[in-house]
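The values are calculated or read from the model by the stated rules, or taken from the named source; none is laboratory data. What you see is a predicted model; the values in this text were computed from it and never measured. As a convention, Cβ positions derive from the backbone with ideal geometry for all residues, glycine included, and neighbour counts pool all protein chains shown. Each accessible area value is taken on the protein alone, full model and side chains, heavy atoms only, with ligands, DNA and RNA left out. Shrake-Rupley method; radii C 1.70, N 1.55, O 1.52, S 1.80 Å.
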Protein chains: 2
Amino acid sequence: MKFTIQRDQLMESVQNVMKAISSRAAIPILTGMKLEATEEGVKLTGSDSDISIESFIPAEEDGIVYIENIEPGSIVLQAKYFPDIVRKVPQKTVEIESDHTKNVTIRSGSAEFHLNGQDAEEYPELPQLRTENSFDLPTDLLKRLIKQTGFAVSTSETRPILTGVHVSTEEETLQFVATDSHRLASRKIKLETEESIALPSVVIPGKSLSELNKILDDTEDPVQISVTDNQILFRTKHLYFLSRLLDGNYPETSRLIPNESKTTVLIDSRELLQSVDRASLLAKENRNNVVRLLTKGNNQIEIHGNSPEVGNVTEEVTAESIEGEELKISFSAKYMMDALRAIDETQVKIEFTGAMRPFLITPVEDDSILQLILPVRTY
Amino acid sequence: MKFTIQRDQLMESVQNVMKAISSRAAIPILTGMKLEATEEGVKLTGSDSDISIESFIPAEEDGIVYIENIEPGSIVLQAKYFPDIVRKVPQKTVEIESDHTKNVTIRSGSAEFHLNGQDAEEYPELPQLRTENSFDLPTDLLKRLIKQTGFAVSTSETRPILTGVHVSTEEETLQFVATDSHRLASRKIKLETEESIALPSVVIPGKSLSELNKILDDTEDPVQISVTDNQILFRTKHLYFLSRLLDGNYPETSRLIPNESKTTVLIDSRELLQSVDRASLLAKENRNNVVRLLTKGNNQIEIHGNSPEVGNVTEEVTAESIEGEELKISFSAKYMMDALRAIDETQVKIEFTGAMRPFLITPVEDDSILQLILPVRTY
């Protein structure tokens, strides 16, 4: 195998593929990165069994030559050193060559690195997904769906299914839901497809989505999503991101969502966020970083944080409107801040149904995104 | 005590003073920050016994009013919460008020924080330095002296005196020296004073200088430096930085510096630095990150790094000139990179006196800065 490649293109691909490589992989060869050169270009592969990423660099695209002098072949390189070497080579091009003893030479300018490679034949074959169940989403929309729900997955392995995001379709609606059983984040979008898609409901590990979100650029280019029983594939022009799915039944979450409201507050999202942030400064000594919200007359909301040893903070925020019963409720400042950041609108609507019932946060005129938080009993 | 102050000025002072405050201070009240309001302004104080910092915010300066409504008094606040509170207050001004029960109220906009304060009378008095031994240095020059020597102090407590920088004067020359016994960094400057200063030789803890360097701005404004037997004071217009000195005799370092040279290399500093950096990528498996340097014909230097398990790297760098004996020498890549970064000149001169003797790195036409490195025996 031999090729001469543009350093910057190689670096970007290496960084993407590294997201799937763990130094603690169960199969030793998976601590490495596979390089495969063909006349068409160079493909890099990384995998930790849960996530597999392939990144392809074309030899030439749109008239720009990225790779020259290709002699096809493949090799596996130790991933611990390869990225730093690529980052620090002295010239804009790098020549990579492997010989029959699996010795790899990396040349750039007058620097010459020799690395011990491994046989690419020993690298596990990635499963090839064959499925009719595929659909396209604009990349930036997919990233938004991930950002608005992924933070709410459980980080505890007590109920492994909750560490994933539940993705389902109903008629032309695609829904992402995540919950750690203390809060829930949901986002729906209308799919603009001619044919109706019958996507099976799947649960994607939160970690996979978080890595995918880091790799994807903020473009409107489509991501093709394909699903089988136990795998999901995200494919862009030069990227192939495969994740295992979580086994088991995702809990029925729709019945958690209250369909009545006793107190409804319309409020500036940023003002509320900053006020909760300030209150949480003196609520951190509490195990759960709990703050208190009180409705008052004159469209005033009082936010309160308290650590008896340290002190307390009280702040009034003027709401756009407060309707319904008076309320005094306590909740995690972190959950509230996460939810407000996920909605990312100027104004939000908060619907309470009493101090001990879950409450809803949504944009004012839009039910496609919904954040639910369970209050904390403090009285 | 009561005053209304500009948030940004308060924030800057708080951040400076925090550099001296440790949450693990031996005396509990030193985990707090002292606030003192007088008609002239507000003084903040932090101390961990080793370092004490005072920052003064004038009520008014150059016609700009920073503090209003001052009622003199003092209080000690828990430093764990105060900086975050100041950073996150909603308005550009903050009102701070303490009552006779040591309750402190911090108001900004509609936010109101209550903190439990402590009696400022219980805060230890900072020693007042009375000394004739003081001189001025431009702030940016002092920062440069620290950066060019401070990195070479020892991080081990085996010989505590080596964790400090040795500062001494001889006639009109001021010298900073640091060594961890594997390398040495020295910087001399001519003092431009009318009267000769007879500064006692002192050893300043490396940590104190590193904190001082973070606080000082890169200006030409003078820093006044005063020394007594066991303390050193750095004073700028509004800052008072006091550090204890290290006890004991600093070793005589001048005899470590070779006064002959068998091989002299002139070389581009940046090219050498980057080449050593690359060689160190594959030298990290060695305990000491050791790379090898070989002189070759035709003004070529070969830099080599090797980890038998992983691979090796070889690079040739063209020197401006190589004079004297052929040489093959091994040294710590980190020490070489630290030294080259400290010198920060386009070209450097390296003077070797054999593979087992310390070697010198200096700017080409300037003996005010000197870096010495002990080689590593690898053969």
Give me the Debye-computed log₁₀ of I(q)/I(0) at q = 0.04, 0.06, 0.07, 0.08 Å⁻¹ for the protein assembly as shown, equal point scatterers on Cα only, no solvent, two decimals.
-0.25, -0.56, -0.76, -0.97
Give the interface area between chains A and B as buried accessible surface, both sides summed, probe 1.4 Å, in Å² to the nearest 100.
2600
Run the label-point distances for residue A:213 please: 7 Å along Cα to Cβ, every other copy, nanometres, shortest first.
3.8
With just the Cα atoms defining each centre, how far is segment A:30-45 from segment A:286-356? Give it in Å.
52
I'd like the Karplus ³J(HN,Hα) series for segment A:258-273: coefficients 6.51, -1.76, 1.60, θ = phi - 60°, whole numbers in Hz, and an x wherever there's a Gly or Pro.
x, 10, 9, 9, 9, 9, 10, 10, 9, 8, 5, 5, 5, 4, 5, 4
In segment B:265-281, the residues losing 30 Å² or more of accessible area (1.4 Å probe, heavy atoms of protein chains only) relative to their chain alone are B:277, B:278, B:281
With θ set to phi - 60°, apply the Karplus curve 6.51 cos²θ - 1.76 cosθ + 1.60 along segment A:73-79 and write out the HN-Hα couplings as whole Hz, x wherever there is a Gly or Pro.
x, 8, 7, 10, 10, 5, 6
Dividing the surface of the Cα convex hull of segment A:258-373 by four yields a projected area in nm² of 6.5
Compactness ratio of segment A:1-115: Cα Rg over 2.2 N^0.38 Å, N = residue count?
1.00
For the B-to-A rotation axis, chain B residue with nearest beta carbon and its distance in angstrom:
B:214, 16
Can you list the copy-to-copy distances for residue A:100, using a point 7 angstrom from Cα toward Cβ, in nanometres, shortest first?
9.7
The answer for the per residue Cα convex hull volume of chain B, in Å³, is 180
Value at 222 nm in deg cm²/dmol, rounded to 500, when DSSP H runs of n ≥ 4 in the protein assembly as shown each add -39,500 (n - 2.57)
-5000 deg cm²/dmol
Taking beta carbons within 10 Å but only from partner chains, what does the mean come to for residues B:308-318?
5
Distances in nm, one decimal, shortest first, from residue B:297 to the same residue in every other copy, taking the label point 7 angstrom along Cα→Cβ.
10.0
Accessible area in the full protein assembly, largest first, 1.4 Å probe, for B:243, A:74:
A:74, B:243
Give the accessible area for residue B:136 in Å² (nearest 10); use a 1.4 Å probe, count only protein heavy atoms, and leave out ligands, DNA and RNA.
90
Determine how large the accessible area of residue A:2 is when every protein chain is in place; take a 1.4 Å probe and give Å² rounded to the nearest 10.
50
Unit charges at the beta carbon, dipole of segment A:258-373: most positive-side option, A:295, A:321, A:335
A:335
Do any GluC sites (Glu not before Pro) in segment B:182-275 lie in a loop, going by DSSP, with at most 11 other beta-carbon atoms within 10 Å of their beta carbon, and if so which?
B:192, B:194, B:195, B:220, B:252, B:260
From the phi angles alone, apply the Karplus equation (6.51, -1.76, 1.60; θ = phi - 60°) to segment B:309-321 and give each ³J(HN,Hα) in whole Hz, x where the residue is Gly or Pro.
5, 10, x, 8, 9, 9, 8, 9, 10, 7, 8, 5, 7
Taking Cα centroids, how far is segment B:133-186 from segment A:208-255 in Å?
56
Rounded to the nearest 10 Å², what accessible area does residue A:203 have for a 1.4 Å probe in the complete protein model?
10
Kirkwood-based Rg over Rh for segment A:134-254 (C-alpha set), two decimals?
0.93
Mind ranking A:338, B:218, A:229 by accessible surface for me, highest first, 1.4 Å probe?
A:229, B:218, A:338
So, R0 is 45 Å and r is the distance between the beta-carbons of residue B:257 and residue A:255; what FRET efficiency does that work out to, to 0.05?
0.05
Pairs from B:19/B:147; B:43/B:80; A:284/A:334; B:147/B:188; A:334/B:88; A:92/B:334 whose Cα-Cα separation, in the structure shown, is over 22 Å:
A:92/B:334
Judged on accessible area alone, 1.4 Å probe, highest first, A:278, A:270 line up as A:270, A:278
